[in-house]
Amino acid sequence: MTNGCDNLLLNGKHALVCGSSKGIGRATAKLLAARGAEVTLLARSVDVLAELVKEIEAAGGKARALAADLDDRAGLSKILEAFVAEAPPVHILVNNTGGPPGGPLLAAETEAMETALGRHLFASHLLVQALLPGMQSAGYGRIINVLSTSVREPIPNLGVSNLTRAAVASWAKTISSELPPGITINNVLPGFTDTERLGSLKEATATRLGKSADEVRDGWLAQIPEGRLAEPEETAEAVAFFASPAGAYIRGHSMPVDGGRLRSI
């Protein structure tokens, strides 16, 4: 019988983590490596990735860097083709990247929507298509999308982000019934998380409302029963669960990690 803790380990698995240079992506890459996975770090920042590789290896993990720009799908396709030919099959794909700028949806240019959908939806689709054959040959596949609680309840003044996250969630739910047995896809929905992006949103919101950054932060905290922001590592734990053997029977699910902020069931 498998020990419950062993069922959370990722020994012998290969994970590709997008947006792993900072925030939730970085925390996820480090956690998956700590759980035993060999991790491929994907982001644009070559120097930052190189430092993270050293950090993971110093802690006893295995990691490699893969520089790619999710906005350049033609370039991404070529990079993935070479990567799949040279690297071991990827068992775990974490689709994660920074969200688009804030603002009301009615004021958004269609170009901003196209950019966001390209970065989040189209790039994720390309990654799944490129890596799925390896998952099938290995008999193990976990696809986890790091989205937002806006999938359930749109967030004011994040119009393009709301639209894009919902589109990715719908895409994931659709292909959840198309993936073969043993390969799952799920979404993690972070709430207010203490990252660089949230800091930028806080400053932008303060400027727009004519408030101080502290007032904006206090307003967010008042919505969260836990009374604090999430740490990136807490969201990473949810990703790691979906990535593990323990998550084998969950597919097409969206899990909030929001301290209880969502009011919907």
Check: What about Ala236, is it touching a residue at least 40 places away in the same chain (Cβ under 8 Å), over 15 Å from the mean Cα position of the chain (by Cα) and surrounded by 17 or more Cβ atoms within 10 Å (Cβ to Cβ)?
Finding: no
Check: So Ile155 fits all but one of (1) aliphatic (A, V, I, L, M); (2) closer than 27 Å to Glu111 by Cα; (3) within 15 Å of the chain's Cα centre (by Cα); what number is the exception?
Finding: (3)
Notebook entry, point to check: Out of segment 65-103, which residues are under 23 Å from Leu49 (Cβ atoms) and part of a strand (DSSP E or B)?
Noted result: Ala65, Leu66, Ala67, Ile92, Leu93, Val94, Asn95
Item checked: Within segment 42-82, considering residues that are in contact with an Asp or Glu (Cβ under 9 Å, 6 or more places away or on another chain) and among the charged types (D, E, K, R), the one surrounded by the most Cβ atoms within 10 Å (Cβ to Cβ) -> Arg64
Checklist line | Count - residues of segment 244-265 that are farther than 18 Å from Ala169 by Cβ and assigned to a helix (DSSP H, G or I) | finding: 2
Note to self: Scan segment 169-181 and tell me whether some residue there is small (Gly, Ala, Ser), surrounded by fewer than 14 Cβ atoms within 10 Å (Cβ to Cβ) and touching a residue at least 24 places away in the same chain (Cβ under 8 Å).
What the structure shows: yes
Checklist line | All positions within segment 221-233 that are touching a helix residue (DSSP H, G or I) at 6+ places or on another chain (Cβ under 9 Å) and surrounded by fewer than 17 Cβ atoms within 10 Å (Cβ to Cβ) | finding: Gly227, Arg228, Glu231, Glu233
Next item on the list: Within segment 104-162, count every residue that is hydroxyl-bearing (Ser, Thr, Tyr), assigned to a helix (DSSP H, G or I) and in contact (Cβ under 8 Å) with a residue 40 or more places away in the chain.
Entry: 5
Item checked: Members of segment 114-127 found to be farther than 30 Å from Gln223 by Cα and either touching a Pro at 6+ places or on another chain (Cβ under 8 Å) or buried (at least 20 other Cβ atoms within 10 Å of the Cβ) (or both), listed by number -> Thr115, Ala123, Ser124, Leu127
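So that you can scan it fast, the table gives a plain yes or no per residue for (1) hydroxyl-bearing (Ser, Thr, Tyr); (2) on the phi > 0 side of the Ramachandran plot; (3) touching an Asp or Glu at 6+ places or on another chain (Cβ under 8 Å):
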residue	(1), (2), (3)
Ser161	yes, no, no
Ala166	no, no, no
Ala204	no, no, no
Thr235	yes, no, no
Pro256	no, no, no
Arg263	no, no, yes
Next item on the list: Look through segment 205-241, keep the residues that are assigned to a helix (DSSP H, G or I) and of a type in the set (D, E, K, R), and return whichever of them is farthest from Arg35 (Cα to Cα).
Entry: Arg208
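Every read-out reported here was derived from the displayed coordinates using simple, explicitly stated rules and does not represent laboratory data. Please read all numbers here as calculations on a predicted model, not as lab measurements. Methodologically, a virtual Cβ is constructed for each residue, glycine included, from the backbone with ideal geometry; neighbour enumeration extends over all protein chains shown.
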